[in-house]
């Protein structure tokens, strides 16, 4: 069976990650996902993600790199998920859900407890763990020189 390729945007801002829900009448309406969608013939993965974000949220993204992938079997279909790190272009309109779905900025450290779609849950847990580890190491770094973090004023 040939897999359906799907892109998913991992957009981070102020220690939060953009999450969306499915349309209200969808089977997975109560679960969250990284926004994105199915690749069309002839599209590269970045082109797919840019199109999907424009269609779903009315915004324009710059795709940075792929940070993960996952293969998920749902019924008789196989989905190959490509997680792409992205950011909104500076001249982009603010994202607004266009398909009746939820949209919000979830705290990265809490993604492991969010009701994520099965294909997105593993990456969500990895991102949450990385955020928690980063926060812990910053709080407990007793060897850091405070002068390193000090802001110097120009006189």
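The values are calculated or read from the model by the stated rules, or taken from the named source; none is laboratory data. This one's a predicted model, so the numbers in the text were calculated from it and none came from an experiment. FYI the Cβ positions are ideal-geometry reconstructions off the backbone, even for glycines, and counts take in every protein chain you see.
Residue-wise test of (1) in contact with a strand residue (DSSP E or B) (Cβ under 6 Å, 6 or more places away or on another chain); (2) in contact (Cβ under 8 Å) with a residue 40 or more places away in the chain.
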site: 27; (1), (2): no, no
site: 38; (1), (2): yes, no
site: 45; (1), (2): yes, yes
site: 68; (1), (2): yes, yes
site: 89; (1), (2): yes, no
site: 117; (1), (2): yes, yes
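I need the full set of residues from the range 27-46 which are under 16 Å from residue 5 (Cα atoms) and surrounded by fewer than 15 Cβ atoms within 10 Å (Cβ to Cβ), in order please. Quick ask: steps written out before the conclusion?
As a first pass, look at the range 27-46 and keep what is under 16 Å from residue 5 (Cα atoms): 33-46.
Once the filter is applied, which keeps residues that are under 16 Å from residue 5 (Cα atoms) and surrounded by fewer than 15 Cβ atoms within 10 Å (Cβ to Cβ), the range 27-46 yields 38, 40, 41, 42, 44.
Check 41, 97, 93 and return the single one that is assigned to a loop (DSSP other than H, G, I, E, B) and closer than 25 Å to residue 131 by Cβ. Give the derivation first.
Working: 41 fails: closer than 25 Å to residue 131 by Cβ; 93 fails: closer than 25 Å to residue 131 by Cβ.
It is 97.
Filter the range 1-14 for residues that are in contact with a strand residue (DSSP E or B) (Cβ under 7 Å, 6 or more places away or on another chain), modelled with pLDDT under 95 and farther than 11 Å from residue 77 by Cα and give the result.
Once the filter is applied, which keeps residues that are in contact with a strand residue (DSSP E or B) (Cβ under 7 Å, 6 or more places away or on another chain), modelled with pLDDT under 95 and farther than 11 Å from residue 77 by Cα, the range 1-14 yields only 13.
Kindly evaluate residue 74 against the criterion of being over 26 Å from residue 131 (Cα atoms) and either buried (at least 16 other Cβ atoms within 10 Å of the Cβ) or modelled with pLDDT under 95 (or both).
Details: over 26 Å from residue 131 (Cα atoms): yes; either buried (at least 16 other Cβ atoms within 10 Å of the Cβ) or modelled with pLDDT under 95 (or both): yes.
Yes: the conditions hold for residue 74.
Return the total of residues in the range 54-81 being closer than 12 Å to residue 35 by Cβ and not in a strand (DSSP E or B). Lay out the reasoning, then the answer.
Taking the range 54-81 first, the residues closer than 12 Å to residue 35 by Cβ are 54-59, 61.
Filter again for not in a strand (DSSP E or B), leaving 54-59.
So the answer is 6.
Can you tell me which residue is nearest to residue 81 (Cα to Cα) among those in the range 21-35 that are in a strand (DSSP E or B) and over 9 Å from the mean Cα position of the chain (by Cα)? Working first, answer last.
Residues of the range 21-35 in a strand (DSSP E or B): 21, 32-33.
Retained after the next criterion (residues that are over 9 Å from the mean Cα position of the chain (by Cα)): 21, 32.
Working: 21: 17, 32: 15 Å.
Across the range 21-35, the extreme among qualifying residues is 32.
Being surrounded by 16 or more Cβ atoms within 10 Å (Cβ to Cβ), within 12 Å of the chain's Cα centre (by Cα) and not in a strand (DSSP E or B) narrows it down to one residue among 49, 84; which is it? Outline the logic, then answer.
On the way: 84 fails: not in a strand (DSSP E or B).
Unique residue meeting the criteria: 49.
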